[in-house]
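Please treat every number below as a calculation from the coordinates, not as lab data. Since this is a predicted model, take the numbers as computed values, not measurements. Here the Cβ positions follow ideal geometry from the backbone for every residue, glycine too, while neighbour counts run over all protein chains shown.
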Amino acid sequence: MKKLKVLVVIAAALLLACEGAEQIFKTLDQSKLVPPMGLHSVTGNGQTTLFWYTSNYESKFAGYYVFMAEGDYTSQSSDSSLSSAFTKVDSIPMSPPVDQIVTRTIGGLTNGTTYSFAVTSFFRGGVKISYPSNIIKDTPRPAITTVVLKSASTAQVSGDDTQAGFDFDSFTVVSVPTNGYTNDNGADLVNEAFDPSSAGNIRSWLSGMNGGGLQDLGYMENLDGADVAPADGFSQEGKSIAVLAGHVYAIKTGDDNYGKIIITNIGGAPDYSVTFNAALQTQKGNRNYKPLPDIYYLLGLK
C-alpha cells in the first residue's frame, strides 16, 4: 500500500513537472518571434521613412507595430519593454514566411523636432509582441534642393564668409571657420574664389572642411547617376578642387558620412557663387547613396 502511495506521489510530481515544462515550452515558442533587424531611417520634410529587415517563419507571426516617441530614447536597451513615452503609430499585417526589407513612411512630423522609433513583431491577435528592434532617432528637416554658396574671403576676392560654408548634418549654409579648416562650426565644404596663377582668371573652388574631403565623379545628368561613394581618393582637408558645371562630387565628411552634390550653376563677380543640389547618406560609414541597400549593408548581407 505504501508503494502504491509512493507511486501516486511520483506520478503526480511527474504530471506537475510536465505541466510546468509545457508552460515553459509555450513561453519559449512565444520567444521565437523575431524582432526586426537593422532599423534605420531616411530623413524627410515633415516625415521619416523607416527601413528594416525582417526574417520570420514563426507560424503565429502576424506583422509589425511601429512605435514613436518625441525625444531621444536611443540609450534605452532594446532587450526590454519600450518606455511609456512610446505610442503605436502604425501596424503592418504580414503572413509568414517573410524574408524581405520593409519600409514605412511616418508623416505629420514637425521639422526640427527629434523623434525616436522602434518596431516590434506581433502574434496573431495582436497582443503578444516581440522585443523591440534597435531604437533610432530622426529629426525631420525641410527639403533642400538648391544650395547657393558665395565665395569666402580670399587674397583676390572680398567674399562673404557668412554664406560660404555648407553643413551636411543640418543641410544649411553656415559661416566659414575663422580659425582655419579645423574649427568645428559644422562646415563640411567651403567655396573659395581665386586665381592660382594670379593672371586675373578668378574662379570658384571647393574645399573639404573639418577633416572632410571631396572627389570629382565626372559629368552626370543628375544626382541619381552616383550610386556609391568611392572608398578612397578624396581630397585632403583644405585642398581645393575646381568646380565644373554638371559634375557630381562625392563628399566625405569628417564624422564619416558620405554625401554628393551636383553643380547646377557657377556665378562670376562679385560673389563667385556656386549653386548645387545635395544628398546625404545618414548612416555613418555607409558609402551607398540609395536607401534600400542600407539594411543589407548594416547586417553584412551584401
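Packing around the peptides 158-165, 262-269, taken as the average count of other Cβ atoms within 10 Å per residue, puts them in this order, highest first: 158-165, 262-269. Each of PHE117, PHE194 was scored by other Cβ atoms within 10 Å of its Cβ. Listed from fewest to most, they are PHE194, PHE117. Ordered by the number of other Cβ atoms lying within 10 Å of each residue's own Cβ, fewest first, VAL147, VAL174 fall into the sequence VAL147, VAL174. In the range 37-141, taking the dipole from charged Cβ atoms about the Cα centre, the farthest positive-side position among GLY63, LEU50, ILE106 is held by GLY63.
Using the average count of surrounding beta-carbon atoms within 10 Å as a protection proxy, the listed peptides 277-284, 60-67 rank, highest first, as 60-67, 277-284.
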